1. Looking at (1) hydroxyl-bearing (Ser, Thr, Tyr); (2) open to solvent by 60 Å² or more (accessible area, probe 1.4 Å); (3) touching a residue at least 40 places away in the same chain (Cβ under 8 Å), which one does residue 364 not meet, given that it meets all the others?
2. Is it the case that some residue within the range 617-629 is in a loop (DSSP other than H, G, I, E, B), modelled with pLDDT of 85 or more and either open to solvent by less than 60 Å² (accessible area, probe 1.4 Å) or out of contact with any Cys (no Cβ under 7 Å at 6 or more places or on another chain) (or both)?
3. How many of the residues in the range 327-343 are open to solvent by less than 50 Å² (accessible area, probe 1.4 Å) and closer than 14 Å to residue 305 by Cβ?
4. What tally of residues in the range 351-399 results from selecting those that are in a helix (DSSP H, G or I) and in contact with a Leu (Cβ under 8 Å, 6 or more places away or on another chain)?
5. Kindly indicate whether any position in the range 551-566 is in contact with a Leu (Cβ under 6 Å, 6 or more places away or on another chain), open to solvent by 30 Å² or more (accessible area, probe 1.4 Å) and assigned by the TED database to the domain that holds residue 629.
6. Can you work out which of the residues in the range 180-206 that are charged (D, E, K, R) and without any contact (Cβ under 8 Å) to a residue 60 or more places away in the chain is nearest to residue 436 (Cα to Cα)?
7. What number of residues within the range 156-184 satisfy the criterion of being more than 25 Å from residue 413 (Cα to Cα) and either open to solvent by 30 Å² or more (accessible area, probe 1.4 Å) or in contact with a Leu (Cβ under 9 Å, 6 or more places away or on another chain) (or both)?
8. In this structure, is residue 384 over 27 Å from residue 220 (Cβ atoms) and either of a type in the set (Asp, Glu) or in contact with a His (Cβ under 9 Å, 6 or more places away or on another chain) (or both)?
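The values are calculated or read from the model by the stated rules, or taken from the named source; none is laboratory data. The model shown is predicted, which means the values in this text are computed figures rather than measured ones. All Cβ positions, glycine included, derive from the backbone under ideal geometry; neighbour counts span all protein chains shown. Ligands, DNA and RNA are excluded from the accessible area calculation, which covers all protein heavy atoms including side chains. Shrake-Rupley method; radii C 1.70, N 1.55, O 1.52, S 1.80 Å.
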Amino acid sequence: ITTLINHKDKPKRSDKTLQAIQRVGQAVNLAVGRFVTVGEAIANENHELKEEMSVACIEARRAGETIAQLTDVASLDHPESDSHITIFTDKTGVVKAARLLLSSVTKVLVLADRIVIKQIITSRNKVLATMEQLEKVSSFQEFVQIFSQFGNEMVEFAHLTGDRQNDLKDEKKKARMAASRAVLEKCTMMLLTASKTCLRHPDCESARINKDGVFHRMRLALEQVIEIVTDSRPNGENEMAPISIYSGIKEFKNKVEGLRENLYFLSKENLSTMLEVILEHTEDFTDSAYTSHEHREHILELSKQAKMELEQLVSVWMQAQNQKTKDLMEDLEVAILKTCQCMNELKREVHSAATSLAADLLKYHTDHMVLKALKITGVEGNLEAVAEYTCKLSEQKEQLVEMCRLLRHVSGTEPLEITCIHAEDTFQVTGPQIISAAETLALHPSSKIAKENLEVFCEAWESQLSDMSLLLREINDVFEGRRGEKRVYLSLPRPGKHNANLKALKPVKLDTEEQAKIAKLGLELHLLTSDVDSETEKWEDQENEIVQHGQGMSSMAYSMYLFTRGEGLLKTTQDLFHQAEIFATEGTKLASALHAFSDQVHEDDKPLLLLEAEKLISVCKQLQITAKASAQGKSATFTKVDACILKTRNVMTLLCQLLPLCFKLLRKNKAGNGCLKPAPPWKEDRIRTGTNAHTPERRVETFGIKSLENHVANMTFLESK
């Protein structure tokens, strides 16, 4: 649609141009037809929205057909003199049709989304109703029947929420959904053993407490899923996420560095308040009994220094507002640098304090000695020893909860922050549940079901400890720049290494005017990196050579985009040119991987793939020549920067075409060998089918569905026991 609307009228229209316009129009109409077919199928299954959906589908189909008619120009030698109305004679008609199409397609998507949300809410309500029945059962036979139904309902809920989690664009919501679903996965198994224990020992208070805790936690998790799906909170509350030290420092530094561009955009009180909030949060470290004396002293010293640096900055800043001399601006730059450096050191210190504590605790508790002792003393019926070890478990729980709180401050990204909060909740809840399960076993030492119940809760604790090791590694990766919102290649020239044979070059940055000129090109590059990332995410095998080269090129292109904004690791034009060379080399390596891949595809598909590989080699060579060419003077250097970004964009455009082609050929090749199953149609299995039309075979990460289905299948054996 954008191509058609932006098509510029030219006096001469070649046959090639006319054919291209017609192809675009037909492609739009075909795509709309496929889209509307799915919309109509959904409408037929959901009568309450059928009328609205049908109207939107009719509008979309009509708009698609109108666009096809207006672009039917390939057979016309002189479209403007023909009575037939075309894009050339009625440009506004195309614009109107495009608007109608976009609005009707949006309406279909919104209605389909409402249906999906309704399905999830209905599924949740079924689960809650069955849970109420499970809570009230008094006979084992009745429990088996109801739990079998509950298991099937949880499997359906797992599929629906798994699809939804994959479709969420907000990483924060995605992490919250993953945390809630993880709780439901573990609690489903806990609910089975806790309920069986309660049925076997109906007068046991600790067994009842244990079971009630599981039901309560499941209800909270189900409620959170609905909050995420409907984007609402009970009683209209706003979610108040606690601010971490990392995010506070990041925002504070952005404000301080913003003074270079504008001395008047914020008040000194704002900066002082922001620093106060950060330093208040550092008290979580300095007040913690688990922070080492050395770390505590360093954090206090850096907090004091940060206050002094801000005082000096504010003093120079106020003077610069009154009198903007060269000396004062230089003093301001020094004050900004010193303030930011101090904040970086504070950030490094709290990170070191949190991660070293976590590493020590995880290493210390890796043998699970307390859990083993609880199991042994429980089977022995030794209530005194169980009481002693439950005290030790409570101490361990407090240590791990404190560790999670401190890690949240240094996690670096919102999804990791949410994972830390989830881990904290898990330790907080699972600890007392292990204690009540151990007390039940100590009161009934010969009970096999009480022993099995304790095992399930201990496994959940061990599993969470194992997850913490992975979480700690991810937090360290983000801090060291290996992961995060976007990977950035650190392949910059280093003095004495890459630059040994180069003449000394004066580092050049783009000024504000040059950044403005190149902004559009940079934005296009940014959008292309997003497209490439979306394509690489579809591949099941993330270790595939084609995927790895594609991800590497996307990462480098992103760092070049950041350069156009005056951000990121590429500080000078020389850095950019060096990155462009490495980017081109990576493209050539990808072309070699494509040649190797061509040996695996069908003979009919091979020529097309090799042709695309040759195109890639050609554009990469052009970029390499441009990046290596000498440029003297400000104007010539900017022209070279512009050319490098433009040619990088051309490579990325080609990459956006190559990756789907390779993915399609790989799937075709696998399907030929019987490796892939066809995707189920919407009507037959709407729970399992993804909502993305072009990724029907994606995998849904459903929580413990296989193990849950096995539990349900084996329930018949429980009656005989």
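1. (3)
2. Scanning the range 617-629, I find at least one residue that is in a loop (DSSP other than H, G, I, E, B), modelled with pLDDT of 85 or more and either open to solvent by less than 60 Å² (accessible area, probe 1.4 Å) or out of contact with any Cys (no Cβ under 7 Å at 6 or more places or on another chain) (or both), so the answer is yes.
3. Within the range 327-343, residues that are open to solvent by less than 50 Å² (accessible area, probe 1.4 Å) and closer than 14 Å to residue 305 by Cβ number 5.
4. Adding up the residues that qualify gives 20.
5. no
6. Looking at residues that are charged (D, E, K, R) and without any contact (Cβ under 8 Å) to a residue 60 or more places away in the chain, I get 205.
7. Residues flagged as more than 25 Å from residue 413 (Cα to Cα) and either open to solvent by 30 Å² or more (accessible area, probe 1.4 Å) or in contact with a Leu (Cβ under 9 Å, 6 or more places away or on another chain) (or both) within the range 156-184 amount to 3.
8. So residue 384 fits the description; yes.
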